[in-house]
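First up is the structure itself, then whatever we jot down about it.
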Amino acid sequence: MNGTSEDVLAGLPGNKTIPWTFLKPLVSLATLNMYTYGEFFVVNIPALFVGFFTNTANIVVYCNMGFSESSNVNFLVLSVFDLFYTILQFLIRAFYLPVWKSLDHGPFLVYISHCFSLASTVVICGSAMMTALIATERCVCVVFPLKVKTLLSPKRNLCLTMTIVAYHVAFVILLYADPGPPYDAHPKKMAFYYISLYVIPTTICYFIVLLSTIFLIYKLRINQQWRKKSATQSGKTSGKEDKLVKTIVAICTLFIICSFPNVSVFITQIIYPALNYSNPYLNNVLLIMFGVALNFQAISSSVNFFFYYRMSSKFNKTFSTLYGFNTNKRSGGQEGKASN
C-alpha cells in the first residue's frame with residue numbers, strides 16, 4: 001500500500017480510517033474521457049479558429065492604426081497574449097486526448113501537453129496583467145483628467161507595457177530553464193513557481209480589474225447624467241471618451257466573468273488543500289474544474305475583437321479597409337455622386 005496516497009486521503013473528511021485502495025475516484029475515468037472529447041470538439045476547435053482570426057485581425061488593425069494613442073499599444077499587446085493562448089490551449093488539449101494514451105508514444109504526448117501547459121500559465125498571467133493595466137489607466141484618466149498627459153505619457157505607458165512583456169519573457173525562460181527536463185519531475189519547485197508567478201499575480205489582477213470596472217461603471221453613469229443636464233459640453237469628444245470607456249468596461253466585464261472559474265479554483269484549493277492532483281479521489285474532479293476554467297479563458301481570449309469592432313469607429317473603418325468590407329457601399333456611393 002502506498003503510504004503517500006494514504007496520507008493524502010487521510011486529510012479528507014470521513015476518510016481517516018478508510019484505506020485509499022477501497023475508494024473509487026469521485027469522477028470516473030470514463031466520465032473524464034467523455035468530458036475531454038466533448039470540450040475538445042465543442043470548445044477548443046471553434047475557439048482556435050475564432051481566436052486565431054480575431055486576434056490576428058486585432059494585431060494587424062492596431063499596427064495600422066499606429067501607436068500615437070496608448071490604448072492602441074495596450075490592446076495590441078493584449079491581443080498578442082490572447083493569440084498565443086488560443087494556440088497553446090488547442091495544442092494542450094490535442095496532445096492530451098484519451099485516444100493517444102493507449103499508444104506506445106502516448107506518455108510522451110501527454111508530457112508534451114504538460115510542457116505546453118507551462119507556457120499557457122505565462123500568457124494567461126500576461127493577459128490578466130494587461131487587462132489590469134488597461135482598467136487602471138482608464139481609472140487614472142477619470143480621476144485626474146487634467147493630469148493625464150503628465151501621469152500617462154506615451155513614454156511611460158510604453159515602459160509599463162514593456163515591463164509586463166519583459167516580466168513574462170523572464171517568467172517563461174525561468175519555467176523551462178531552471179527545473180530543466182523532464183518538467184514533471186520537479187513538483188515542489190514547479191509548485192513554487194506556479195503559486196508565486198502565476199496564481200498570486202493573476203488573482204491580484206482579477207480583483208484590480210473587478211474594482212476598477214465597478215468604479216468605471218459608476219463614473220460613466222455619473223458623467224452621462226451630468227451631460228444630459230449640461231448644454232456646454234463637446235459632444236464629439238465626450239462621445240469618443242464614452243465609447244473608449246464602454247469598450248474597456250466590456251472587455252473587463254468579460255475578463256471578470258471568464259476568469260472567475262480560474263480564480264475560484266485557486267481560492268478553493270487554499271481553503272481545502274485536499275483538492276490537488278496527488279489526491280486520487282479528487283484528481284479527476286480537479287482536472288474537470290480546471291478544464292472548465294481554461295475553456296472560459298479561451299472564450300475571453302477570442303471575442304475581444306467584437307467589442308473593438310462594435311464600439312470603435314476607427315477600428316471598424318481600419319478593419320473594413322484592410323479586409324475589403326463595405327467596398328461595394330463605398331464604390332456605389334462614389335458612382336452615385338459621379339452620376340449627379
request  = Name the single residue, out of those in the stretch 137-192 being hydroxyl-bearing (Ser, Thr, Tyr) and not in a helix (DSSP H, G or I), that is farthest from His114 (Cα to Cα).
outcome  = Ser153
query = Is one or more of the residues making up the stretch 93-111 surrounded by 22 or more Cβ atoms within 10 Å (Cβ to Cβ) and more than 27 Å from Cys63 (Cα to Cα)?
reply = yes
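Residues to consider are Tyr281, Tyr277; find the one that is more than 22 Å from Thr86 (Cβ to Cβ), surrounded by fewer than 19 Cβ atoms within 10 Å (Cβ to Cβ) and among the aromatic types (Phe, Trp, Tyr). Outline the logic, then answer.
Numbers: Tyr281 fails: surrounded by fewer than 19 Cβ atoms within 10 Å (Cβ to Cβ).
Within the list Tyr281, Tyr277, the selection yields Tyr277.
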message = Of everything in the stretch 68-103, what is without any contact (Cβ under 8 Å) to a residue 24 or more places away in the chain and closer than 19 Å to Gly51 by Cβ? Give them in sequence order.
response = Leu76, Phe95
query = If you check Ala128 against the conditions, is it touching a Phe, Trp or Tyr at 6+ places or on another chain (Cβ under 9 Å), closer than 21 Å to Leu244 by Cβ, modelled with pLDDT of 85 or more and part of a helix (DSSP H, G or I)?
reply = yes
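Yes or no: the stretch 225-234 includes at least one residue that is touching a Ser or Thr at 6+ places or on another chain (Cβ under 8 Å), within 30 Å of Ser313 (Cα to Cα) and modelled with pLDDT under 85. Spell out how you get there, then give the answer.
First pass over the stretch 225-234, keeping only residues touching a Ser or Thr at 6+ places or on another chain (Cβ under 8 Å): 227.
Still in the running and within 30 Å of Ser313 (Cα to Cα): 227.
The next check asks that each one be modelled with pLDDT under 85; those that pass are 227.
So far as the stretch 225-234 goes, yes, one or more of its residues are touching a Ser or Thr at 6+ places or on another chain (Cβ under 8 Å), within 30 Å of Ser313 (Cα to Cα) and modelled with pLDDT under 85.
Residue-by-condition table, conditions (1) over 30 Å from Ser28 (Cβ atoms); (2) within 16 Å of the chain's Cα centre (by Cα); (3) crowded, with 16+ Cβ neighbours inside 10 Å:
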position	(1), (2), (3)
Gly51	yes, yes, yes
Phe67	yes, no, no
Ser70	yes, no, yes
Leu78	yes, yes, yes
Phe84	yes, yes, yes
Gln89	no, yes, yes
message = Conditions first: (1) modelled with pLDDT of 90 or more; (2) touching a Pro at 6+ places or on another chain (Cβ under 8 Å). Ile87 passes all but one, so which condition is the exception?
response = (2)
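The values are calculated or read from the model by the stated rules, or taken from the named source; none is laboratory data. Because the structure is predicted, anything quoted here is derived from the model rather than measured. All Cβ positions, even for glycine, are placed from backbone atoms using ideal geometry, and neighbour counts span all protein chains on display.
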